[in-house]
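One structure below.
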Amino acid sequence: MLALTTLLPAQVTYDRIVNALKEQQNWLTYWGDYSAVRHRDLKQINTANVKDLRVEWIFQTGQTGAFEVVPLVVDGIMYFTGGNGTAFALDARSGRQLWQYKHAFPAGHKPNAVNRGVAILGERVFMVT
């Protein structure tokens, strides 16, 4: 496991994770919160306005292969991993890339192309390498 030392703009404390349902705008864990239902009871989208949904932005990682991650969103920043030891941070509103990390594997080591994303605690982003 690797802890990326890029500092987050805000601390993600254990208390925030436990009370994640109070932060409907954020997605702090793989499941969103400890109830693990993986959805929010938001009311902004309904049968009357769903037809008005549109794509706001698309981000191309430049990588091929399967993506099986759940992006985390903390205070307007989206964090996720790609295959082969990469992690990204994007502005969730615009899709603008804030940073990218690429883990340097030892010679002869073949990284796993599929992973489950990142975890966040305190000021650190964690990913398995």
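Only the coordinates and a few stated rules stand behind these numbers; no lab work does. Note that the structure is a prediction, hence the values are computed from the model and not measured. Positions of Cβ are generated from backbone atoms using ideal geometry, with glycine treated the same way; all protein chains shown enter the neighbour counts.
The table below lists the values:
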{"item": "Dipole magnitude of the chain about its Cα centre (Cβ charges: Lys, Arg +1; Asp, Glu -1), debye to nearest 20", "result": "220"}
{"item": "The range 43-129, relative contact order [Cα under 8 Å, separation at least 6], %", "result": "25"}
{"item": "Candidates Thr47, Thr29, Thr61: whichever shows maximal mean-square fluctuation once the chain is modelled as a Gaussian network with Cα springs under 10 Å", "result": "Thr47"}
{"item": "Lys pairs under 29 Å by Cα in the chain, provided they are eight or more residues apart or on distinct chains", "result": "4"}
{"item": "Residue with peak Gaussian network fluctuation, the chain [Cα springs, cutoff 10 Å], from Phe105, Phe80, Phe88", "result": "Phe105"}
{"item": "Cα-based Rg of the range 10-129 normalised by 2.2 N^0.38 Å, two decimals", "result": "1.17"}
{"item": "The chain: calculated mean residue ellipticity at 222 nm from DSSP helix runs of at least 4, using -39500 (n - 2.57)", "result": "-500 deg cm²/dmol"}
{"item": "Positive dipole terminus of the chain, leading residue within Pro111, Tyr101, Phe88 (C-beta point charges)", "result": "Pro111"}
